[in-house]
Structures are given as C-alpha cells and as structure tokens.
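> Please find one structure pasted underneath; my questions will follow.
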Amino acid sequence: MPTFSKMLRKTVLIVVLGCAHIQAAKIECVAGCGEGPLGGPAKGAKLIEPFGVDFDQQGNWYICQYKGQKVSKVDPRGIITLFAGTGEKTYGGDGGPAQYAELNDPHSLYIKDKHMYVADTRNHRVRKIDLKTGIITTIAGTGEAGYSGDGGPANQAEFNGTFDLALDAAGEKLYVADLNNRRVRVVDLKSSIVTTVAGNGTQGVPKDGAEAIKSPLVDPRAVVVHSSGNLYILSRRGNALRLVDKKGKIRTVIGPGDIRPDMNGPKHLCLDLQGNIIIADSENHLIRRYSPKDGKVVTIAGTGEKGNRLVADDPLKTQLNRPHGVYVHPSGALYISDSNNHRVLKMTSWQ
C-alpha cells in the first residue's frame, strides 16, 4: 500500500503522458558540430564528451570535457581555445597556470564572479581557477578517495567522487555532490570549513520529513540551490529528485512511479529564470522541466530515442544521446551538453 507521503506527491505531480508544446522554440548546435581543432570556431570544433557549461561576466563561456580531460573557453566571437587541462588523465599543476594542469574526468564547473570551481571527479577534489590570472589551486579534497574531515579545512578532507557543484545565492557556500560517499557536503568559502548537509553514508531511500544528515541517499549526482533556500538533490540510480528544506528536512518530490516515463539515470539539473528545475534525464535522452509551484513535469527537448537528428525549429523532434548537462544563460537560453553526440546545443524562445 502506498504511503501517505507518496500519495500526496501523486496529487501534486502530473503524470506525463505527452510532451510540452513549446511554441516558436529554436535549437541549434553551438559547439562540437565538427572535427576542427581548438583555435577556430567552436561550432566546427571537435569535443570529447562535454558535460559542464557555465558563463562568466565578460561574455565568455566554458565547456568541461569529461573524457577530453580539459576545460575549453569560447569567447564572444565564438572562438574556442584551451582554458584548463592538458588532456592527460592524472593530477598536477596546482599553483600554476590552469592550461598546464592535469584533470581526471572532470564532470562539472561553476563560475561565480572572478572564479571558476571545477569538480575534478576522479581526483576527488574541487579545484578553483582565478579567471583573471588563470592560476589553479585545490580548495577541497586531499586526492585520496574516502570520507573524513567534516568540521575542518576542506583541503584536508577526503571526498569520494566529486560529481557536481552549486553555490548559494550569496556565493558563500559551495555545495558538493560527494556521490560515492552518498552525501552532499558544503564548503564555507570564507572559513574553508567543510560539513555534511545531506546523507549518512548509507544507500537507501530517505523517509519524507526526516533529518537530511541522518538519512540514506542513493547516488546524489547533482545539486542546485533554489532561490527559496531549498536544496535540490538529483539521485542518479534512485531516479528521483529530492528536496532539503531550510530546516534540514528531506523529502522526495519526484520518485519512481510519479511520472511517465520514470526518470532513468538523470545526471544534472539547473534553475531556469522562473525558478523551475531543468533536468538532464540522461538515459531517457530527454530534457525535462519540474515546476516547484504546481508539481508539473514536462519534456522540453528530446524524443526519448537516442540519436543525433537536429530539427532547428522543434526541440521535441531533436534527438539527444545521453545529455549530461543543462545550464540556463542569464538571457534565458538553455545550453544542453549532448554528451554522447559530443556537442553543445543552445535552445532559445522556449520559456
């Protein structure tokens, strides 16, 4: 028999039988659409599994290439160059220029003001790059896979798979999806102290209304901080979206059986300009939108079938292949890391 909390979710969430009609939406490939080298147009460049994307205040944008072991920079003219990483899958370079540093399967990046934060996943670190000087340092993680260090300096703490990052509105707290530790941790950027805000290290489905730090989690793959102050956690193998409120209580807002099709290995999420949650539903090859206001879930891009067909005037007829990143530009444009198609797509006029 379903629990009361699950029945309550079902009264809020609309079962998705179809897709959203997005009038006049456009979609185009803006990077990774060819086999060209760095130093030329991003549209014609070759990318290797793009995951993270973010934007600075000067009109540049950046692409984290998971298996490319690098971060590329696209300037306002559309020219792509190397920003960080040599392409070698290892660790090194702290204290020097980021373009000579080594990364190990970086999954995501986050830019705030003059700094870029990189989830250097297999190095079990969070690295910071000064956007002006290009110098890279480690701000969290020792490089050893493990769990330790809460209450102390983040760069002396152990993490196990740093998969995603998010900052609060004030830019003071950096949230880290510490996936293999089944926890979400937060680094206070002023004090450098790290603490856990969700997950007790065990694998399982948390009980609605329980304390987040005493609850189990299933693969916390991505996080985002809502303007309301709530923390959203995307569960990869759990195929769920969970919320931690300002009191530290956790509940599931989308779980298996709540929508059709169920989420399947979702990998990333972000906020749109209206405060909705955009989800990269990777193994379904879809991009979906969840509204915290009314609980509705709709598909906004993808057909549900793996492929590379691009239909410029219809995102719902455009095929995706395991998208791993979604990012909304301040203009409202949605950037999609269409990872296994090795391209980045840009969607406009969709809201």
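> For the pair Ala24/Ile48, report the inter-label distance in nm, with labels modelled 7 Å from Cα in the Cβ direction.
A separation of 4.2 nm, rounded to one decimal place.
> Still on this structure, please answer the following. Where only protein heavy atoms count, and the probe is 1.4 Å, what is the accessible area per residue for region 278-319 in Å²?
Per-residue value: 41 Å².
> Rounded to the nearest percent, how much of the accessible area of region 111-160 (1.4 Å probe, protein heavy atoms only) is carbon and sulfur?
43 percent
> Taking the Cβ-Cβ separation of Asp313 and Glu172 as r and a Förster radius of 35 Å, what is the calculated FRET efficiency to the nearest 0.05?
Using R0 = 35 Å, I get an efficiency of 0.25.
> In region 262-314, which trypsin sites (Lys or Arg not before Pro) fall in coil by DSSP and have 15 or fewer other Cβ atoms within 10 Å?
Taking region 262-314 and a limit of 15 other Cβ atoms within 10 Å, the loop trypsin sites (Lys or Arg not before Pro) found are Lys293, Arg309.
> Something else about it: Cα gyration tensor of region 238-351, axes a ≥ b ≥ c as square roots of the eigenvalues: rounded (a/c below 1.5), prolate (a/b > b/c) or oblate?
Prolate.
> Next up: Once you have the Cα-Cα distance between Ser331 and Ser148, take 0.36 nm times their residue separation minus that, and quote the gain in nm to one decimal.
Full-extension gain reported as 61.9 nm.
> Right, here's the next one. As an exercise, use a Förster radius of 35 Å and the Cβ-Cβ distance of Glu283 and Asp75 to find the FRET efficiency, rounded to the nearest 0.05.
The pair Glu283/Asp75 has a calculated efficiency of 0.55.
> Follow-up question, since we're still on this one. Are there trypsin sites (Lys or Arg not before Pro) in region 77-116 that DSSP marks as loop and that have at most 10 other Cβ atoms within 10 Å, and which are they?
Within region 77-116, the qualifying trypsin sites (Lys or Arg not before Pro) (loop, at most 10 other Cβ atoms within 10 Å) are Arg77.
> Still on this model: Among residues other than Ile111 whose Cβ falls under 12 Å from its Cβ, what is the net charge (Lys/Arg +1, Asp/Glu -1)?
0
> Under 13 Å from the Cβ of Phe163, count the other residues' Cβ atoms, weight Lys and Arg +1, Asp and Glu -1, and hand me the total.
+4
The values are calculated or read from the model by the stated rules, or taken from the named source; none is laboratory data. Values in this document were obtained by computation on a predicted structure and should not be read as measured data. Quick reminder, even Gly has a Cβ in these numbers, built from the backbone with ideal geometry, and neighbours come from all protein chains shown. All accessible areas refer to the heavy atoms of the entire protein, side chains included, with ligands and DNA or RNA removed. Shrake-Rupley method; radii C 1.70, N 1.55, O 1.52, S 1.80 Å.
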